[in-house]
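Encoded as structure tokens, the structure appears first; notes follow it.
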Amino acid sequence: MSTELIKVTINGKDFEVPKGARLIDVCREKGFDIPSFCYYSDLALQASCRMCLVRIEKMPKLQTSCTIICTDGMIVTTQSEEIEKAQRGMTEFLLANHPLDCPVCDRGGECELQEMTFDWGGLEERFTEKKNYYAERYLSPMVANDPQRCILCKRCTRVCDEWMGEDAIEAGGRGAHTVIGTYLGWLDCSQCGNCIEVCPTGTLLDATYRHQTRPWELAQSITTCNFCSDGCQMSLGSRGGEVRRSVARDRYVNGINGEFLCVKGRFGHPFINHEARIRTPMIRYKKGGKLIPATWDDAIRHVAERLDAVAEEHGRNAVGVVGSPRLTNEALHVLYKFTTELVGTQNYTTTDAFSLRSFFGHLGGPLATHRDIRYANTIVLIGGDPSELQPLTGKQIRQAVRNGSSTLVLVNSVPIRLREQAKIFLHIRPMTEDAIAFALFDRSADSLAAQKAGVEENAIAAARQAIADSTGDVVVMFGGELTATAQAVLAQLSQKFATRDRRILFHPLPLFNNSIGAHDMGMMEAPTSPRGMLNAAGNGIRALYVAGSFLPEQLEGHEDALSKLDFLVVQELFETETTAAADVVLPAASYAEQDGTFTNNDGLVQRVRQSIPALHQSKPDWVIVSQLAKELGMDFGYEMSASAVFREISETVPAYSGMRYPLLKDETNPVQAKYQVTERADVSSELSVLRECVEKLPNTGDKVMVTPDVGTELFKIGTLTDKVAQFHLLANGNPRPETTAVSPLYQIGRQNADFQLPIANLKNETSASELVD
Amino acid sequence: MRIEAIGCEPLQLRRVHLENSRTLDVYRRNGGYEALKKVLDGMSPDDVINEVKKSALRGRGGAGFPTGMKWSFVPKDSPKPKYVVCNADESEPGTFKDRYLMERDPHMLIEGMLIAAYSLNSQTGYIYTRGEYKYLIDIMDVALEEARAAGLVGKNILGTNFGCEIHTHTGAGAYICGEETALLSSLEGLRGHPRMKPPFPAVSGLYAAPTVVNNVETLTAVPDIIKMGGEAYQKLGTEKSGGTKLWSVSGHVNSPGVYELPMGYDDMEKFIMEDCGGILDGKKLKAVIPGGSSVYIMRADQIIGKDVRMDYEGLVAAGSSVGSGGFIVMDETVDIFESTKNLTEFYKHESCGWCTPCREGTDWLVKVFKRIENGGGRIEDAQLMLDLCDNIEGKSFCPLGDAASWPIQSAIKRFPEDFIHRLRRLNVD
Amino acid sequence: MSTQIVNIQPLSQPVDLGVEPATFSPEVEAEIDRHLAKYPVARSAILPLMFIVQRERGYLDPPGVLYLANRLKLRVTDIWEVATFYSMINTAPVGKYHIQICKTLSCRIRGAGKVTEYCSQKLGIKVGETTADGRFTLSEVECLGSCGTAPMFQLNFDYHENLTPEKIDQILDKLP
């Protein structure tokens, strides 16, 4: 928008507004409330609900303020008898066929239609005819639907098209018989549930939370999602010590993601209160014996004694410490302190899928925020698959291309779904990402890269040219396919392309909610890797302290590594393959039961807030480690508050200097860590190593020709998603149940013997026939 | 059924009764493609637009927008391709003139489109025809093939640098697609929802490129405008409504059909009682909807002895509108309550559902009509219906909302007797 | 930029239909190609193609919908949302002969009601129904642009105007 100001008169008062501003936004900003349903920021304009009508002088009819761009001298009336009549009229029309379901509708109390009616509607009900009837149904395990309540604002269809690029839910039919749905009535989409979130009425509802509680009975607290590295802000709704739902609705929270969440963020929360949570510390007194519940004091003492013994006998380096990229910064910091100051070992890491140490070590420009991505001029995405692994990033890319005319340059060995938005797509051979990173930096490598990656030379040149032609921000994103050397070179792309008018911003794509934090807290500093740790188990490493668990792919091929250890301590939420081999298991509290921070892939440090009391005897990870440290003779001195730990972080981690919890308390104004940027680092040695590596790549190879199905990664069953019954349905192909009138969960057991649902989450197991008349 | 000109020499209906009138041969032997030749021989695109402006030709589909002005809105310096789209979605109840133009004289439409395309620097034209008129699409395709073979459509027309390809396109049963932006949505393969104006199609239309959408009858007037000159065409009619208009007459008349009248024909009573053969079975005239269902219904006493001139201004002065010229005549046997209910059902069925007032309002109104018809009428229903219409009119996204309100508003106000007796009387009026 | 994209599996579909896409003869495919050639954007051909698929398969069934989605590079929901908007596209089976009686004003006041009654009686079905043998479907539709020759109906794509009971008998009894 331009900075030029023009004059607009609203209800008799003069205002100066930026030229090009939208009238509805201007009126609302200036305190003149205007009702609307279909108008939604950054979504395609509709002007279909007709609630936002205003009178503009010299225009013959009432105009929808959402479509009017202010012009100089415009005279607007937003409050008058005719406008009030129109507003009452539109509300009356919307309520005509709308069933009076408020007493049984999940949305009651949070419903925009209710609120709009209170504020703008008439007092009389004149509609005495028969309302159009549609049966309630389920569109998927996650989405319940009552079509009769629909006011056809089309927020759901626009969100599915524009945010997700999936076009799964659409409007069918015509006129008063238009119904939101999908062909054949069953949704096989990514189940993000954004359609539910943006729906202003109770038409689309969270099927996993259906009929459980009323919104005013819930305590809502704002926190950061604990799944992927995008760090969406969400509001957990809890009641009676149990988390019931996770929403991003703008009346509760307004973070970087707006009302966006993905299937895991929105529906993955049942693990928090799951009955399989480890309840007490447990000790396996004899190898091959059972884990026996113990008190915290006993367990801590036992751990301290045994770790001491191993360190005595085999040296400090024989004790390895493994953190998890899911832990809070506070937990990782205390773990790091424990590892380096107390244990003094050089063998530590986290169970993250790949390391970004080399990237951060050669960082040549700032990290992009998600807002930067939306407004970027060019986006270069090498490897990764944000649609599946960092869905918020995927959404920002799609909107940047659609609304911001951004150019997407896609480099991937798999034709991921984002190719639909890509202007340039380099479809490379698998494991040749390094070659492209090399060529982007060094144009003399074009023909080498083209040969190894199996693409045209001029295509690589075109990709590079797209960066060079950009005016505005260029965001460089990359996944775990790049080696450390390639990361270093890519991180210095800024020295080649950054100018005063063109910023080169970076957006690494690690997998977990605090992968970045794990790096920042130092837990990725050591050259050890998880596989390296397992390889050395029984030899160089005799004891492991694991906060979290090894990933299944890390344990592959090392199944008996853990059993070779003399001593294994695991802090975890649930029993895993790692705890199965543990000598001591300590119950950790989940992210919903503690305060802390996560750092996302923008480098934004965002608050995690306690929503419910810690379950059973679990404790926050940092408290456990502090207690162990104290037992081992080092008092970390925290006054049992996470903010005290964070203060220490801000004093020891340069990128976090000056941060305090009060500074982080507003999720609408996130704070970015101040990473060290070296604008012109010498990467000549990395370049020659990279050249050698690329030259060693084969000259032939088949390409992957199939786009992975939606949900290939999103629906994967992991420790946390395993505890959500609906994920098992999704992971098993989302079979269409016999009838969509009843929740699919209640029907699956009867029709599909191929997989067993973990029934712990089913409140009542009832047969379908009992529920449908 | 009659097809003839009254009060003027047939212009658009000149060839409709000739044997093999559809063929290129007959068309050419009766003045066809001469206008095209005249244009390509020495007129510039601006010359063409000026002639059309002088002709005072107004859109014949119903909106009545001055055609020359519409064409002049197309930006000449736009690098995008330009499109000429013929709106042959004729679905306005009571209107059937375009059908016979396409059935009997398809080449006239082709020639009109070619001239329009030339004036707009367009190389592609589409004839969006309603799906029910499939046989006309077939006729049009044959005519286009003939024209192509004769070098009249395609590249290097008549050996000049001007090239234009014309394609037929089928609709599939949606009245809303007669609205120009909804037509463009449909032509792009989307649901037929109207679009926001501005931007107007002339600036951003089909595939976001400059597009002119004109009714069949508008385009078929163009060759004659070129041949006789804009001024001469205008003089056939009145100052603000130039040329001739086709009126589709149906209902309780002895001679329904398509009539070509000069604009400003004097007068409507004569037209009904003499030219159209008077009322069937000697009954009395009760009501007329002169311009397609979307215009105000007229009482007989607004026509008889009132000297209603049949042009845009004349009809407005008489309390209605030219619209599409769908002239429906109703005699004393018609219950206006029922006829209005019939039309309201039409609008409800055809409402695209995009905006709240039209979608919910037409549905509600139909339900009220049904309730009253079944004996559940209440005295307040008249006011309720008027109020619902008032909440739809002017508030909807496109003119279909207005079109749905006007028949009801005018019927209740002008034929209260047909409504009142169905509404329970709580006290004696 | 990479030519290999042509071979990559078509768009991900948000609905798993569990059917194979319909196949058509080379002549029909050529007809479809001719329609596609008329437009710079493939999607514009959706209505002409829907009529062809409807003609070949009786109605727009799931294999037909999947065929269209693949051919036009759209999602099945895009096909569905367009198909359900238009009155003439049938997403459910119709009889071999679809009698569409115009019910709008001009036909109405010239006896359309009687035409409907007569057809309904003759065929033994109500409006909206199909005869048990699947031969006839009876519908009422809106103005067909034949007001001057009212009352009338459209049988599949053919107009039959100025109807009387005798004429109706003539038309329907003659059908193969």
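How big is the B-C contact in terms of buried accessible area, both chains counted, 1.4 Å probe, rounded to the nearest 100 Å²? Numbers along the way, then the final one.
Details: alone 17270 and 10680 Å², together 24320 Å².
Heavy-atom accessible area buried at this interface is about 3600 Å².
Only helical runs count toward this figure. For chain A, summing -39,500 (n - 2.57) over DSSP H runs of n ≥ 4 and dividing by all residues gives -7500 deg cm²/dmol at 222 nm.
In chain B, Rg over Rh equals 0.99, where Rg is the alpha-carbon radius of gyration and Rh the Kirkwood radius from pairwise Cα distances. Before anything else, pin down the relative contact order of the range A:548-689: Cα pairs under 8 Å, at least 6 apart, normalised by residue count, whole percent. Relative contact order for the range A:548-689 comes out at 17 percent.
Counted over chain C, the DSSP beta bridges are approximately 55% antiparallel. Annotation for the range A:121-219: GluC sites (Glu not before Pro) lying in DSSP loop with at most 13 further Cβ atoms inside 10 Å of their Cβ are A:124, A:125. Summary of the geometry: the range B:156-225 and the range B:319-344, compared by the centres of their Cα atoms, lie 29 Å apart. Chains B and A together bury roughly 3000 Å² of accessible surface, counting both sides and using a 1.4 Å probe on protein heavy atoms.
In the range C:37-51, burial by the other protein chains removes 40 Å² or more of accessible area from C:38, C:39, C:40, C:43, C:44, C:47, compared with the chain on its own (1.4 Å probe, ligands and nucleic acids ignored). Using 0.36 nm per residue and subtracting the Cα-Cα separation, the extra length available between residue A:275 and residue A:539 on full extension is 91.3 nm.
Tell me the carbon and sulfur percent of the accessible area for the range A:181-331, rounded to whole percent, probe radius 1.4 Å.
Working: 2350 of 4880 Å².
Answer for the range A:181-331 is 48 percent, counting heavy atoms of protein chains only.
Restricting the trypsin sites (Lys or Arg not before Pro) of the range B:227-264 to loop positions (DSSP other than H, G, I, E, B) with no more than 16 neighbouring Cβ atoms within 10 Å leaves B:240. Only Cα sites of the range A:214-272 enter the Debye sum here, all with the same form factor; the resulting log10 I(q)/I(0) across q = 0.17, 0.31 1/Å is -0.48, -1.41, listed in q order. Solvent-accessible surface of the range A:418-573, averaged per residue with a 1.4 angstrom probe and all protein chains in place: 33 square angstrom.
When the other protein chains are added to the chain by itself, burial of at least 40 square angstrom of heavy-atom accessible area (probe 1.4 Å, ligands and nucleic acids ignored) affects these residues of the range A:698-722: A:705. Solvent-accessible surface, computed for protein heavy atoms with a probe of 1.4 Å, shrinks by 10 Å² or more for the following residues of the range C:92-126 when the other protein chains are added to the isolated chain: C:103, C:104, C:105, C:106, C:108, C:109, C:110.
On a full-extension model of 0.36 nm per residue, what is the gain between residue B:387 and residue B:25, subtracting their alpha-carbon distance, rounded to one decimal in nm? Walk me through the intermediate numbers first.
Working: separation 362, 0.36 × 362 = 130.32 nm, distance 5.69 nm.
Full extension from residue B:387 to residue B:25 adds 124.6 nm.
Of the GluC sites (Glu not before Pro) in the range B:353-396, the ones in a loop by DSSP (not H, G, I, E or B) with at most 15 other beta carbons within 10 Å are B:380.
Restricting to chain B, what percent of DSSP beta bridges are antiparallel, rounded to 5?
Values: 17 of 43 bridges.
Looking only at bridges with both residues in chain B, the antiparallel portion is about 40 percent.
How much accessible area per residue does the range B:146-240 have, in Å², with a 1.4 Å probe?
Working: 3030 Å² over 95 residues.
Per-residue value: 32 Å².
Only aspartates and glutamates eight or more places from residue B:54 in sequence, or on another chain, were considered; those with a Cα closer than 16 Å are B:46, B:224, B:231, B:239. P(r) tail, the protein assembly as shown: Cα-Cα pairs separated by more than 49 Å, 42% of all pairs.
Annotation: lysines with alpha-carbon distance below 18 angstrom to residue B:348 (same-chain offsets under eight excluded): A:130, A:131, B:367, B:370, B:395, C:103. Taken over the alpha carbons of chain C as equal point scatterers, the Debye sum produces base-10 log I(q)/I(0) values at 0.08, 0.13, 0.19 Å⁻¹ of -0.34, -0.76, -1.19. Entry comment: accessible area of the range A:1-150 is 46 Å² per residue, from protein heavy atoms only and a probe of 1.4 Å. Which whole-number percentage describes the relative contact order of the range A:434-567, with Cα contacts under 8 Å and a sequence gap of 6 or more? Computed over the range A:434-567, the figure is 19 percent.
Students often get this wrong, so check it: of B:82/B:155; C:96/C:122; A:264/A:395; B:80/C:38; A:58/B:82; B:38/B:240, which have C-alpha atoms separated by over 20 Å?
On the way: B:82/B:155 16 Å; C:96/C:122 17 Å; A:264/A:395 15 Å; B:80/C:38 18 Å; A:58/B:82 31 Å; B:38/B:240 26 Å.
Violating the 20 Å limit, Cα to Cα: A:58/B:82; B:38/B:240.
The contact between chain A and chain C removes approximately 2500 Å² from the accessible area (both sides summed; 1.4 Å probe; ligands, DNA and RNA excluded). R0 = 56 Å: FRET efficiency of residue A:4 with residue A:118, Cβ-based, nearest 0.05? With a Förster radius of 56 Å, E is 0.90. Give the cross-link partners of residue A:723 among the aspartates and glutamates, using a straight C-alpha distance below 16 Å as the criterion and excluding same-chain residues fewer than 8 apart. Result set, ordered by chain and number: A:242, A:275, A:572, A:575, A:577. Once the mean of 1/r is taken over each pair of separate Cα atoms and inverted, the range A:1-133 shows a Kirkwood hydrodynamic radius of 16.2 Å.
What does the charge count near residue A:603 come to, summing +1 for each Lys or Arg and -1 for each Asp or Glu among other residues with Cβ under 10 Å from its Cβ? Walk me through the intermediate numbers first.
On the way: positive: A:674; negative: A:520, A:602.
It works out to a net charge of -1.
The values are calculated or read from the model by the stated rules, or taken from the named source; none is laboratory data. If you're wondering where the values come from, they're calculated on a predicted model, not measured in any experiment. Note that each Cβ is placed from the backbone with ideal geometry, even for glycine, and that neighbours are counted across all protein chains shown. When the accessible area is computed, the model is the full protein with side chains, heavy atoms only, and any ligands, DNA or RNA have been set aside. Shrake-Rupley method; radii C 1.70, N 1.55, O 1.52, S 1.80 Å.
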